[in-house]
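**Q** Submitted below is the structure of interest, expressed as structure tokens.
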Amino acid sequence: MRSSIYLSYAAFVLVGIGAAVGGVLLPAQIADYEVDKALIGLGFFTNSAGFLLAGLTNGALIERLGLRLALVAGSAVFVLAAVVTAARPSFWVLIAAQLFCGYGVGVLESVLNVHLAALPNAATLLNRLHAFFGVGALAGPAIAAVTLTHAPWTAIWWGLAVATALMGVAFYATFPARVVQEKEEKTAGLLPTALRNRTVLLASVFLTVYLGVEIGVGNWAYSYLREVNLESHLIAGYAVSGYWAGLTAGRFVISPIAGRLRLTPAQTSLWCCVGVAACTVLIWLGVVPVAGFVLLGFFLGPLFPTTMAILPELLPARLVPTAIGVLNGGSVIGGSLLPWTAGALGQGVGMQALMPFALVLALVQLGVWYYLSAPSLAPRTK
């Protein structure tokens, strides 16, 4: 079981690299296909659609194939899409291939979340899992930039295809066939049941708002610091890097500290939600805005993985894989719609609207988490 945990971490580093190299490759792809930014951006929509589809089918996939084969299937779909992309197909085939890339990555993320959520000390394991995504995301742009100095953009995709194929073999050799959980009587209609469940709906709203804060602030913090706080190009860039580094550090650090303080995962996230709201106020008031963004990322870090971790406490065990898939896939909506809203406000009102908008989302996030996790907020007893 320990080897499967380590392999999960390695897989999320690879997923993080794959997510981060895309932005570096865009200029080369635009030049190669002679298209504009709007057309190349269609790939984001098809990728998101595949990711959402993976989340909605995750429970059924695990139910039919088991944990190990679901991971192999997700790897195989991504490898196929990566090979097609690396072969430099026609433009519209490139856009269509991103649907399968998104599906493959979505399956891998959802299934690995399900696996670790079923293990003891799930909150710490899931926080580390998502922290390793951050490690990959920090390394990805540098890897892509170095590669592009010696090879065409397609070389990156050949590398991702080979690495994912090897990962699929490792999944088959390492992972258990089934999720580690108590046996339950089978029930029909897992997806409709999950979509009607109050806990799943509240958790979906929470993660939609969470990703709206995370990606919205991450994408627009640089513009906010430059236009509102009049920071230099260098300082604003360092602040945004610090924000993402804080997000990664929070996932490594907060859960172990909370364990020593005997805080439950639900209590830990409640205090993190308070910290997020407080940081948005500090940044809005102009109190150490650069450090404020680092702290904001730090408190945001544990929220996504901890939400996954507490689901086994709140749901029947057999519904958990489907619920995690729904949450993982559905969260992409908040990661696209709310950052777009933040940008539209910045365009129409000015970038000074970013932090009030983030504060509203942070307060909604706090309220939703309180109602979602109320059964888990009771203090631990010795």
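**Q** Modelled with pLDDT of 80 or more, open to solvent by 30 Å² or more (accessible area, probe 1.4 Å) and within 21 Å of Arg128 (Cβ to Cβ), is that true of Val360? Lay out the reasoning, then the answer.
**A** Numbers: modelled with pLDDT of 80 or more: yes; open to solvent by 30 Å² or more (accessible area, probe 1.4 Å): yes; within 21 Å of Arg128 (Cβ to Cβ): no.
In short, no.
**Q** On to the next question. Which one of these does Ala81 not meet: (1) surrounded by fewer than 22 Cβ atoms within 10 Å (Cβ to Cβ); (2) under 23 Å from the mean Cα position of the chain (by Cα)?
**A** Unmet for Ala81, out of (1) surrounded by fewer than 22 Cβ atoms within 10 Å (Cβ to Cβ); (2) under 23 Å from the mean Cα position of the chain (by Cα): (1).
**Q** Given the conditions (1) surrounded by fewer than 21 Cβ atoms within 10 Å (Cβ to Cβ); (2) in contact with a helix residue (DSSP H, G or I) (Cβ under 6 Å, 6 or more places away or on another chain), which single one is not true for Ser75?
**A** (1)
**Q** Out of all the residues in the range 110-122, which are over 13 Å from the mean Cα position of the chain (by Cα) and closer than 13 Å to Ile5 by Cβ? I'd like the intermediate steps shown before the answer.
**A** Going through the range 110-122, the residues over 13 Å from the mean Cα position of the chain (by Cα) turn out to be 111, 114-122.
Answer for the range 110-122, where residues must be over 13 Å from the mean Cα position of the chain (by Cα) and closer than 13 Å to Ile5 by Cβ: His115, Leu116, Ala117, Ala118, Leu119, Pro120, Asn121, Ala122.
**Q** Considering the range 272-292 alone, what residues qualify as being closer than 23 Å to Leu126 by Cα and surrounded by fewer than 16 Cβ atoms within 10 Å (Cβ to Cβ)?
**A** Residue satisfying the conditions is Val274 alone.
**Q** Continuing with this model, one more query. Output the qualifying pairs, or none if there are none: Cβ atoms under 7 angstrom, residues six or more apart or on different chains, first residue in the range 84-104 and closer than 12 Å to Tyr33 by Cβ, second residue surrounded by fewer than 20 Cβ atoms within 10 Å (Cβ to Cβ).
**A** Hits for this filter: Arg88/Thr154; Phe91/Tyr33; Phe91/Val35; Val93/Val84; Ile95/Leu42; Ile95/Thr46.
**Q** Let me ask something else about it. Where residues in the range 1-28 are open to solvent by less than 50 Å² (accessible area, probe 1.4 Å), at pLDDT 90 or above and not β-branched (Val, Ile, Thr), which of them is nearest to the chain's Cα centre (by Cα)?
**A** The residue in question is Phe12.
**Q** Out of all the residues in the range 153-171, is one or more assigned to a loop (DSSP other than H, G, I, E, B) and over 30 Å from Leu270 (Cβ atoms)?
**A** Within the range 153-171 (the criterion being assigned to a loop (DSSP other than H, G, I, E, B) and over 30 Å from Leu270 (Cβ atoms)), the answer is yes, since at least one residue qualifies.
**Q** For Gly286, are the conditions met, namely being assigned to a helix (DSSP H, G or I) and not basic (Lys, Arg)?
**A** It is false that Gly286 is assigned to a helix (DSSP H, G or I) and not basic (Lys, Arg).
**Q** Quick test of your reading of the structure: Val84 fulfils all but one of (1) farther than 26 Å from Ile215 by Cβ; (2) touching an Asp or Glu at 6+ places or on another chain (Cβ under 7 Å). Name the failing condition by number.
**A** Failed condition: (2).
**Q** Would you point out which residue out of Pro339, Pro379 is more than 19 Å from Val114 (Cβ to Cβ), at pLDDT below 80 and assigned to a loop (DSSP other than H, G, I, E, B)?
**A** Pro379
**Q** I'd like the residue in the range 251-271 that is outside any helix (DSSP H, G or I) and open to solvent by 60 Å² or more (accessible area, probe 1.4 Å) and, out of all such residues, is nearest to Thr199 (Cα to Cα).
**A** Arg262
**Q** Assuming Asn229 fulfils every condition listed in (1) assigned to a helix (DSSP H, G or I); (2) touching a Pro at 6+ places or on another chain (Cβ under 8 Å); (3) polar (S, T, N, Q) apart from one, which condition is it?
**A** Condition not satisfied by Asn229: (1).
**Q** Identify the residue in the range 32-62 that is in a loop (DSSP other than H, G, I, E, B) and modelled with pLDDT under 90 and, among all such residues, is surrounded by the fewest Cβ atoms within 10 Å (Cβ to Cβ). Give the derivation first.
**A** At the first step, the residues of the range 32-62 found to be in a loop (DSSP other than H, G, I, E, B) are 34-36, 41.
Cutting the leftovers down to modelled with pLDDT under 90 gives us 35-36, 41.
Working: Val35: 16, Asp36: 9, Gly41: 13.
Only one residue fits best here, namely Asp36.
**Q** A follow-up question, please. Which of the residues spanning the range 63-104 are among the small types (Gly, Ala, Ser), more than 19 Å from Ser8 (Cβ to Cβ), part of a helix (DSSP H, G or I) and at pLDDT 95 or above?
**A** Scanning the range 63-104 gives Ala81, Ala82, Ala86, Ala96, Ala97.
**Q** Which of the residues that make up the range 123-133 are of a type in the set (A, V, I, L, M) and either within 11 Å of Ile5 (Cβ to Cβ) or open to solvent by less than 10 Å² (accessible area, probe 1.4 Å) (or both)?
**A** Leu125, Leu126, Leu129, Ala131
**Q** Name the single residue that is farthest from Val107 (Cα to Cα) among those in the range 336-345 being surrounded by fewer than 20 Cβ atoms within 10 Å (Cβ to Cβ) and among the small types (Gly, Ala, Ser). Walk me through it before giving the result.
**A** Going through the range 336-345, the residues surrounded by fewer than 20 Cβ atoms within 10 Å (Cβ to Cβ) turn out to be 336-337, 340-341, 343-345.
Narrowing the set further to residues that are among the small types (Gly, Ala, Ser) leaves 336, 343-344.
Numbers: Ser336: 19, Gly343: 30, Ala344: 32 Å.
Selected residue: Ala344.
**Q** Moving to a separate point now. Take the range 208-250 and flag every residue that is surrounded by fewer than 16 Cβ atoms within 10 Å (Cβ to Cβ) and within 19 Å of Ala277 (Cβ to Cβ).
**A** Result: no residue meets the conditions.
**Q** Further, regarding this structure: For the range 134-172, give me each residue that is open to solvent by 60 Å² or more (accessible area, probe 1.4 Å), within 19 Å of Tyr9 (Cα to Cα) and of a type in the set (Ser, Thr, Tyr).
**A** Tyr172
Rundown of residues vs (1) at pLDDT 85 or above; (2) in contact with a helix residue (DSSP H, G or I) (Cβ under 9 Å, 6 or more places away or on another chain); (3) part of a helix (DSSP H, G or I), yes/no style:
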site: Leu202; (1), (2), (3): yes, yes, yes
site: Glu214; (1), (2), (3): yes, yes, yes
site: Asn219; (1), (2), (3): no, yes, yes
site: Tyr224; (1), (2), (3): yes, yes, yes
site: Leu234; (1), (2), (3): no, no, yes
site: Gly237; (1), (2), (3): no, yes, yes
site: Gly242; (1), (2), (3): yes, yes, yes
site: Leu247; (1), (2), (3): yes, yes, yes
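The values are calculated or read from the model by the stated rules, or taken from the named source; none is laboratory data. If you're wondering where the values come from, they're calculated on a predicted model, not measured in any experiment. Reconstructed Cβ throughout: ideal geometry from the backbone, glycine too, with neighbour counts over all protein chains shown. Calculation scope for accessible area: heavy atoms of the full protein, side chains included, ligands and nucleic acids excluded. Shrake-Rupley method; radii C 1.70, N 1.55, O 1.52, S 1.80 Å.
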